[in-house]
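The structure under discussion appears below in the form of structure tokens.
The values are calculated or read from the model by the stated rules, or taken from the named source; none is laboratory data. Keep in mind the model is a prediction, meaning the values are calculated, not measured. Every residue, glycine among them, receives a Cβ derived from its backbone with ideal geometry; neighbour counts consider all protein chains shown.
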Amino acid sequence: MRFSALIWFLISILPGGALAGSETNSAEFPEEAVLEAAVPEAASPEVGRFFVLANLEFTLLHEFSHMLIEELKLPVLGSEEDAADRIAIIVMLKARQHQSAEEVIPWLFAVAGDWYTEWELKDRSSGKIDYWDNHHLEIQRFHNIVCLIYGGKVELLEDLMDTEILPFERAMSCEAEYRQADHAVQWLLDTNGHSGKIMATGEQFTVTYEQPIEGQNELMFDLLQSSRVAEKLVAALSARFSLPRPISVEFDNCVSEPDAYWHSPTASVTVCYELLGHFLNMAEYRQKNSPRACNIPSLRKYMGARLRCNDSDESGQNEESEGEAKK
Ligand SMILES: [Zn+2]
């Protein structure tokens, strides 16, 4: 599971949005004009599309990590949810080790930014926080992910240290945390990777799409079809692992909460179209509410356009929050 239960009230209070534009991980998205016409309020379709695809990749990798832990009977010390987050982030970083900072940093920070937003918009007025949940709190997942990105890209993100985003005390351990997680992923590949016949992707995985209900789910279906993110990831997994039974990856309309989950009895990973729509809403919120990130030079350099930092400057938000940026 991706979330604990109570977060989904957000969907009802945030506006819808649009997707379009180009992104390095995906094929061209032909429905741009249709989408923009359907949702004219969207601030930046390209940014929304980028944010959704980055978080889709993270979500699939997180659920595939649960699948690998169970199917390969991997030993896990500590929280499995935390392990799944760490595997996903390390894989995302390693897959882009030859890409430019302008490509890698926004992609990874789209994932961190989603978790920050989940926490920022969470209704905590009742004082009810799910400390008991097997998932870390959203804000902890945010800091854990930022720490790994920083640990893996410290030469690009030096100025993150001692900010609200990465307090000094945590930053001190991030390079070691990155090395530890990177070592664990390498161990996984070395000890559980292919030792025999490599099976075709179709023998190990099927990817299926339920007919989407009208509206935003249809837009998410179109994005999945044009980007082929799921198909690319299962092909990469098939090239590295031989699994004991076939796995199905299913995109579906949700009857209750939009979520993503690994279900062992049916050997399936399910992702709700509604979860992708939720990411789009988070993208729009993030784009309008990131003055703190804009005050950190490296984030402004790599993500300023996506976060509309210049707009923040003009509205005075940047100045107002300056004192909050440094811890
Ligand atoms: Zn999980």
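Residue-level check: of (1) within 19 Å of Leu307 (Cβ to Cβ); (2) in contact (Cβ under 8 Å) with a residue 40 or more places away in the chain, Phe168 misses just (1). Looking across segment 294-327, the residues that are modelled with pLDDT under 85 and in contact with a strand residue (DSSP E or B) (Cβ under 9 Å, 6 or more places away or on another chain) come down to Ala325, Lys326, Lys327. In segment 234-278, which residues are under 16 Å from Val52 (Cα atoms), in contact with an Asp or Glu (Cβ under 7 Å, 6 or more places away or on another chain) and within 16 Å of the ligand (Cβ to nearest atom)? Residues satisfying the conditions are Pro258, Ala260, Cys272, Leu275. When the helices (runs of 4 or more DSSP H) confined to segment 184-293 are screened for residues that are modelled with pLDDT of 95 or more, those reaching at least 3 such residues are found at 216-227, 229-240, 273-288. Just wondering, is there one or more residues in segment 87-98 that are surrounded by 14 or more Cβ atoms within 10 Å (Cβ to Cβ), among the basic types (Lys, Arg) and within 12 Å of the ligand (Cβ to nearest atom)? Among the residues of segment 87-98, not one is surrounded by 14 or more Cβ atoms within 10 Å (Cβ to Cβ), among the basic types (Lys, Arg) and within 12 Å of the ligand (Cβ to nearest atom), which makes the answer no. The set of residues in segment 158-169 that are closer than 22 Å to Val91 by Cβ and either surrounded by fewer than 19 Cβ atoms within 10 Å (Cβ to Cβ) or modelled with pLDDT under 95 (or both) contains only Leu160. Screening Asp159 against (1) within 18 Å of His62 (Cβ to Cβ); (2) out of contact with any strand residue (DSSP E or B) (no Cβ under 6 Å at 6 or more places or on another chain); (3) not in a loop (DSSP other than H, G, I, E, B) leaves a single unmet condition, (1). Checked against the criterion of being among the β-branched types (Val, Ile, Thr), more than 16 Å from the ligand (Cβ to nearest atom) and surrounded by fewer than 23 Cβ atoms within 10 Å (Cβ to Cβ), the candidates Val104, Val52 yield just one match: Val104. Assess whether Gly127 counts as being at pLDDT below 95 and either within 16 Å of the ligand (Cβ to nearest atom) or farther than 23 Å from Cys254 by Cβ (or both). It is true that Gly127 is at pLDDT below 95 and either within 16 Å of the ligand (Cβ to nearest atom) or farther than 23 Å from Cys254 by Cβ (or both).
Check whether at least one residue in segment 168-178 is under 21 Å from the mean Cα position of the chain (by Cα) and in a strand (DSSP E or B), and report yes or no. Within segment 168-178, not a single residue is under 21 Å from the mean Cα position of the chain (by Cα) and in a strand (DSSP E or B). A count restricted to segment 65-113 and to residues that are in contact with an Asp or Glu (Cβ under 7 Å, 6 or more places away or on another chain) and either of a type in the set (Ser, Thr, Tyr) or at positive phi (or both) stands at 0.
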